[in-house]
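Structure record follows, encoded as structure tokens.
The numbers here are math on the coordinates, done by the rules we state, and not lab data. Values in this document were obtained by computation on a predicted structure and should not be read as measured data. Here Cβ is always computed from backbone atoms with ideal geometry, including for glycine, and neighbour counts include all displayed protein chains.
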Amino acid sequence: MRPADPGWVRIPIGFGDLRRARLLDDARRLPERFRRKRHVRVLIRQSTAAVLLLGSVTVLAASTTEPVSGLPLAPGLTKTGDPIRSYTFCGKNARRVIYLAVDSQDIEREFSWYSERMPHAVVFTAASGFKTLITPDGTAAVELRGDFIPFLHFSPGLSPTEMKILGADPTAVTCKAD
């Protein structure tokens, strides 16, 4: 296997790599070996491209979901600079984050958008005209107020009575039944 051995021929393979093949019989088999390797390289490139594409789709999908509540995030909403507020509501741990409606401040338009994406939500309309959509299990809610839209997460979920209290006064941070 010494390079000076007359029975060995040096054949360039690419990227400066040199491999040896024994006489012409082995040299004829080299293109077949290279084709197999090329297919593996193509498969690796295609797999990498598919993973990157699926990763970018996942990122886009993630950006349309509000992270605190897990509810869909309507287009045109921008998170305010306010921090996530944690408090207790009806003995449940609650977290609230507020978004600003940049494109639309029409409650009915926002309501139609959310009712399409939350078909089984429990809906309450307060005397002020604010609408509150709560998931059936009571773990998440969105309050449609026009310009400011709070998203809430409850752990454990709210009972139907607690949902009514929240729906009657969406600005409440305490649990008081009328």
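Name the residues whose placed amide hydrogens come within less than 5 Å of the amide hydrogen of residue 79, ignoring near sequence neighbours (fewer than 5 apart) on the same chain. When sequence neighbours closer than 5 places are left aside, the close amide H contacts are 100. Each label was represented as a point 7 Å from its Cα along the Cα-to-Cβ direction; for residue 42 and residue 65 these points are 3.7 nm apart. Fewest-first ordering of 142, 123 by other beta carbons within 10 Å of each residue's beta carbon gives 123, 142. For the range 144-159, putting each phi into the Karplus relation 6.51 cos²θ - 1.76 cosθ + 1.60 with θ = phi - 60° gives couplings of 9, 10, x, 7, 10, 10, x, 10, 10, 10, 10, 9, x, x, 6, 7 Hz, in residue order, rounded to whole numbers and with x for Gly and Pro.
Footprinting exposure proxy ranking of 154, 111, fewest other C-beta atoms within 10 angstrom first, gives 111, 154.
Residues whose amide H falls under 5 Å from that of residue 140, counting only those 5 or more places apart or on a different chain, are 135, 154, with hydrogens built in the peptide plane. Between amide H atoms placed 1.01 Å from N, distances below 5 Å from residue 66 occur with 71, 73, all of them 5 or more places distant or on a separate chain.
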